[in-house]
Each structure stands twice: as structure tokens, then as C-alpha cells.
Amino acid sequence: MFKKIMIATAISTALTPQVNSAEINATLIPENNAAIFERGLKKHFIVKLKVNKPLSVDQASLQKNNPILVQGKSKINFKRTLASGDVLIEASDYSSMQALLDDLALNGEVIAIEEDDIVYAHALPNDHYAASMYSIENSFRGINAVAAWDLARGKDINVAIIDTGFADHPDYDERTINGYDMISYTSHSNDGDGRDMDAHDPGTGIDCEAKNSIWHGTHVAGIIGASMDNTIGAMGIAPESNLIHVRALGRCGSGYRSDIIDSIYWAAGKEIANFPINNQPAKVINLSLGGSSSCGGYQAAIDYARSQGATVVVSAGNSNVNASQQSPANCDGVITVAASDNSGDKASYSNYSDFDGAVDITAPGSSIIATVNSGLDGPTSPGYSFKSGTSMAAPQVAGVVALMLEVNPLLTPDEIEEIIKATADQFSNFTTCNTLGPICGYGMLNAQAAVKEAIALAGPSIPALEKNTPLIISGEEKEQQLFSFFAPENSTAVTFSMSAGDGDADLYVKFDGTATLDNYDCRPWLSGNVESCTLNSPGSYSIMVRGYNSFHDVNLTANYLERPPSEGIEIGNDDVQWDLTGEHHEELLFWVDVPNNISGLWVQTWNGTGDADLWVKEGSAPTAQDNDCFESNSGNIESCNMEPKGGRYFIKVRGYDVFDKVAMRILWQN
């Protein structure tokens with residue numbers, strides 16, 4: 001195992017008194033670097049700047065626009081900008097790497113540097129002996145899953161598996177959501193191409209010395225979501241959940257940190273330039289992988305996922321060391337999972353905790369049966385196999401999280417973690433987990449207890465309103481009644497109205513949240529029962545009706561208009577559109593007829609507040625997947641510079657967030 005040291009040690013000769021080296025928090029692997037380059041491998045580094053600046057794919061523009069390339073001796077090969085805004089760079093030889101690190105350490109624009117280290121799947125070799133599904137038992141060695149299935153099965157909860165991809169399998173195919181292959185380097189992907197929308201696992205053993213394909217992602221997917229009562233195979237912990245496969249591990253079951261970081265952002269629904277949007281973001285993200293390093297750039301991605309309501313579950317690692325040495329298990333805000341064996345004690349290989357809380361919970365990880373493919377190199381026929389590792393423990397926790405979210409979809413990641421800890425079973429006397437302190441976290445996962453607690457916190461179910469279908473309601477003075485409503489993507493003028501009846505009821509409406517007395521987007525607060533609220537955003541609404549006085553037989557109705565497809569607004573050369581305003585994900589479409597033989601076409605946005613993105617395409621309206629220019633910087637300053645042929649060009653201004661008083665201009669020169 002490589003030793004990690006601070007960059008200040010590795011390049012101490014480059015640090016001079018005027019350099020604020022204390023602010024450069026970075027690690028790298030210094031040992032055997034020359035030998036690594038001799039084997040033809042390259043080193044990659046993730047660089048965090050004080051200000052994330054938009055990067056072009058053009059090398060000349062990169063060198064002109066980015067401060068880490070100004071001056072210095074190193075030869076830098078830019079790879080790409082990560083979803084976090086950090087920059088991925090490459091050194092192709094040992095001397096370039098040393099010069100690169102010297103230059104970066106001396107640059108005042110650089111906040112942090114971390115190696116784009118390779119991480120590995122956390123599965124161990126198969127034990128090659130028969131075992132049963134002891135892991136689902138209600139016993140000292142199981143998680144009590146069978147009883148939990150009487151309460152929930154994870155129906156319609158989206159779970160992302162960031163792993164080696166998947167092989168087709170009849171035990172989960174019908175609930176597979178189209179994912180993404182995030183592996184950047186074709187030398188590592190084994191499928192002959194780079195990033196694309198095909199997350200299938202071509203086999204990790206191809207060109208991998210002394211290793212067959214492990215079908216790791218397929219196995220993890222089966223532990224989470226293999227079907228139940230279909231007469232084949234083994235069932236998953238959340239057998240009715242939806243599975244989003246994001247491929248980030250390739251050759252030999254390994255992958256780069258940078259690809260995993262982008263995978264987390266994408267799985268959680270973040271819009272990333274030149275990527276298709278994940279319109280079905282995950283509420284649970286499983287990471288059965290890791291490496292010996294600090295959390296680094298993982299943290300921002302995990303924070304984003306949590307901000308979107310996604311719970312991140314991570315395997316603790318298989319080195320029998322403190323899990324604080326393993327990333328992303330050592331990141332804040334994740335549920336870190338150790339593995340137990342079939343005797344109900346800590347598995348010998350599993351990483352552990354101390355009084356530092358490095359492990360949150362333990363789940364069975366030894367001889368776990370689940371879906372695989374039978375191929376040794378590439379895929380052949382579907383099958384099943386027993387595997388061991390903390391990689392097999394983490395997806396059991398992820399599956400239980402999906403069960404909890406089915407019965408209480410409003411649970412936050414923090415609430416989920418606290419419930420899992422609070423409902424854990426204590427280990428039997430004389431086990432290592434019982435006698436050596438908190439090495440196994442809060443105890444053994446108990447699926448039924450966790451789901452019951454989630455139900456208890458949910459309280460009474462919230463009835464959903466149907467479009468243009470009045471619901472007759474009555475209530476007492478100060479009584480509060482909650483309702484929900486979902487407006488689809490093409491909707492506008494989403495209206496909630498009360499009418500008829502007697503007494504006095506008040507209407508409260510909140511978009512993307514829970515309506516309360518103090519938390520609302522609309523509250524008419526009129527006498528009587530005739531009240532109405534209209535908002536324009538598609539998505540989830542919470543509606544509260546409160547009795548100012550008692551009320552009886554009041555009609556509560558939800559409705560919306562369907563927005564017709566827009567052909568756009570015609571504009572001309574040097575036209576400026578002022579005061580453009582829109583909601584989150586709202587799109588404003590324009591078009592212009594561009595003459596032949598012009599030297600350049602410029603489309604720019606600026607001014608205003610919020611965050612609007614700019615898309616341009618010749619011939620038809622642009623989308624995230626199909627465009628000639630896609631600018632998605634933070635704020636409203638966007639620019640597309642093109643060399644067009646004559647024809648009709650469509651310009652779309654789209655709200656990454658709510659935006660107001662944005663200006664847009666198109667200009668060309670003859």
C-alpha cells in the first residue's frame with residue numbers, strides 16, 4: 001500500500017516564505033512515481049481554484065483563461081472540468097509531474113490539490129462454499145428483512161449503484177433505469193469508448209492479469225433490488241426499488257476518483273454541461289468502493305447529493321484498519337457500513353471504528369448470494385454467486401433506506417441515519433463487536449425496526465389531490481389539514497382553489513416543501529371559503545387548509561394548464577432582449593434566420609439575478625443531449641461564439657434556478 005504524505009513534504013523545496021502554503025491542503029502518492037511512469041501510466045491531479053472558472057475544451061483557450069497555466073515550467077495536459085468545477089490535469093512523465101506540483105504550490109489561485117487516485121470495489125474473493133441467505137433472518141446474524149417486507153418493499157424508490165456497471169439479468173431488468181457510463185479513459189473502460197449512456201459491464205477481467213470478471217456492480221444491484229416471488233434466484237432487500245446503474249469502475253474493478261465524483265453529481269440530478277440530465281435522480285446512492293486517502297473532492301459531491309435529498313451509503317473497506325483511513329467512507333454525511341460474518345461477529349477483513357465514529361452500522365457481508373453473470377471475461381449468461389466484503393454489506397443498508405423512504409418519503413438523510421443507528425440490534429455477548437468497544441458502530445442493522453420507526457415519524461398519510469377533481473373537506477377551528485399535488489413538466493398556471501360550503505377556511509400553498517403557518521408561497525387569507533392560489537412551476541406542491549373558524553363541505557380543487565410546444569420568438573441581428581424572467585427549469589425559446597457567408601455568430605446573456613443557462617442549435621430547438629453550444633456557468637453570464645452556416649438558429653434560455661431581469665443579445669458580422 002502506498003504511503004500518503006502532505007504535498008508540503010513532497011515539494012518542500014518549492015515552498016518559499018511568500019507562499020501561503022498552509023491553505024494548500026493536498027495529498028499525493030510520492031513513492032515509486034518514477035517506476036509508475038516507466039510502466040507507461042500517467043498521473044492525474046484534481047485542482048481546486050479559488051474561483052471556479054468556465055473551461056473550454058479548446059487547449060489554447062484553457063491555457064489563456066486559467067491561472068494555473070500562466071507561467072511555470074510544467075507541461076500540463078488538461079483532461080476536463082469536473083461537475084464540482086474543479087480541474088482535472090495530467091502529467092505524462094516524472095519530471096513534468098514534479099514541475100507541475102512546484103508550479104501549483106506557488107500559485108496563489110490554487111486552494112487544494114489531490115491526486116486522482118484509483119479506487120477499488122470492496123469485494124473479497126468468493127469463499128467457494130455453500131451458504132444460505134442467513135443475512136435476511138431475524139437472528140443475531142441477520143437484519144430481520146423478512147418481517148420488514150410486510151411493511152415495505154422499496155416500491156418506486158430510485159437507488160443508484162455507482163460501480164462496475166451491470167449485466168442484464170431477469171431478476172432486476174424490468175426495474176432498471178437507464179444510467180450512464182462515466183469512465184473517461186478508454187484504456188480503463190474495456191468497452192472501446194468513453195463516456196456514454198450505456199452502463200453495461202463488458203467484463204472487468206479483460207486485459208487484467210490473473211483476474212476474471214467480478215461482476216461486482218451486478219452483484220451489488222441484486223443485493224439491493226433483485227425481485228421477490230418470481231421463482232428464481234435470491235431476493236434483494238428492496239425488491240421493488242428502481243435501479244440506476246452508473247458505471248465508474250472498469251478494468252480490474254478499479255476506477256478514478258474524478259469519475260466517481262462526477263457519478264455522484266449525475267446520480268443526484270445535477271445538470272452537467274454536455275451530459276444528458278438524469279431526470280430520475282436517486283434518493284439512495286450506494287458506493288461499494290474506496291481507496292486509502294482523505295475525503296477531498298468527494299465531500300462537495302456528497303454534500304450536493306444530500307442537498308437533493310439523497311442518502312449516501314458507503315462500504316467501510318476490507319483492510320482490517322480504522323475506516324477513517326478509507327475514502328469515501330471517511331467523508332462527512334455518509335452512512336459507513338462495516339461487515340459481519342455468518343456467526344454474527346465482525347468479519348475478519350472488515351474495517352472498523354474506534355471512539356471516532358468511523359463506522360455507523362454493521363450488516364452481513366460474508367458469503368452473500370446475489371446476481372452475477374457467468375462469463376469469465378465478457379458477459380455470457382445470467383447467474384448467481386456468493387461474494388464477501390463490505391461491498392456486500394453496504395447495499396443491504398441501501399436497500400433498507402429504500403424501504404424507509406417508501407413509507408416516509410419526506411425523511412432527510414440525517415433522519416435516516418439517526419433511525420438506522422437508533423434501531424440497530426446490539427451484538428451478542430463475547431463477540432468482538434461487543435467486547436472491544438464501538439468497533440462495529442451502533443450495532444447490527446435491523447430492517448423491520450428501522451421501517452417501523454420511519455412509519456411512526458411519517459404520521460398519518462397525506463392525501464393527494466387529482467387534477468380538476470374537487471375534494472369535499474370539513475374541519476374545526478384551528479384544525480390543519482395537509483394535501484399534496486404534483487404538476488407535470490409541461491404544466492403552467494398551477495391553481496389551487498376553495499369554494500362553496502360554510503364557515504371560514506384559509507388556504508396555504510408551498511412549492512417543493514411543506515406548507516405551514518410560517519412557510520408558504522401563497523396565502524390569500526380572506527374571509528369565507530372562496531380563496532385561490534396560482535403558481536407557475538411544475539413539480540410537487542404542499543397544500544394546507546386551516547380552519548379560521550369551523551368549516552363544512554368546502555370544495556378544494558387543483559388544476560393546471562398544459563403548456564403547448566413553443567415555436568419560439570423571432571429575433572434579429574443585434575437585438576437585445578431585456579428583462580427575461582423565469583422559474584427553475586423554465587425555458588424561453590427564440591429563433592433567428594442567419595444569412596450565408598457571415599464570419600461569426602455571438603449569442604450572449606448577462607445581467608439580472610439568479611442562474612440562467614444558454615443553449616443554441618441550428619435547425620431545431622436545443623436540448624441537453626442535442627445542441628451546438630451549451631453554456632452552464634454559475635450566474636447569468638453565458639456566451640456562445642460560433643462559425644455558422646446560413647439557416648435558422650434556435651436559442652434557449654433555461655432556468656438552472658429562478659432568474660430575473662436577464663438580458664440576451666445575438667450579433668453577427670457580414
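Among the listed pairs K467/K661; K467/K510; K43/K645; K270/K645, a Cα-Cα separation exceeding 29 Å is found for K467/K661; K43/K645; K270/K645. Residue order for K43, K155, K645, fewest other beta carbons within 10 angstrom first, comes to K645, K155, K43. Cα centroids of region 132-152 and region 629-648: 55 Å apart. Listed peptides 388-395, 350-357 appear in the order 388-395, 350-357 once ranked by packing, highest mean of other Cβ atoms within 10 Å at the front. Of all aspartates and glutamates in the structure, those lying under 20 Å Cα to Cα from K452, and not within fewer than 8 positions of it along the same chain, are E137, D150, D156, E240, D360, E406, D414, E415, E417, E418, D425. In terms of the mean number of neighbouring beta-carbon atoms within 10 Å, the peptides 524-534, 140-150 order highest first as 140-150, 524-534.
A straight chain from V530 to D414 at 0.36 nm per residue would run longer than the Cα-Cα distance by 37.8 nm. Full extension of the chain between S474 and Q426 gives 12.6 nm of extra length, using 0.36 nm per residue less the Cα-Cα distance. What separates the Cα centres of region 425-447 and region 317-331 is a distance of 18 Å. Footprinting exposure proxy ranking of H585, H219, H169, fewest other C-beta atoms within 10 angstrom first, gives H585, H169, H219.
Among E466, E406, E240, rank each residue by its count of other Cβ atoms within 10 Å, from fewest to most, as a rough exposure measure. Fewest-to-most Cβ neighbours within 10 Å comes out as E466, E240, E406. Spatially, region 544-594 and region 365-381 are offset by 50 Å when compared through their Cα centroids.
Any read-out appearing in this document is the output of simple, stated calculations on the displayed coordinates, not a laboratory observation. All of these numbers come straight from a predicted model, not from anything done at the bench. For neighbour counting, all protein chains shown are included, and Cβ atoms are generated from backbone atoms with ideal geometry for every residue, glycine included.
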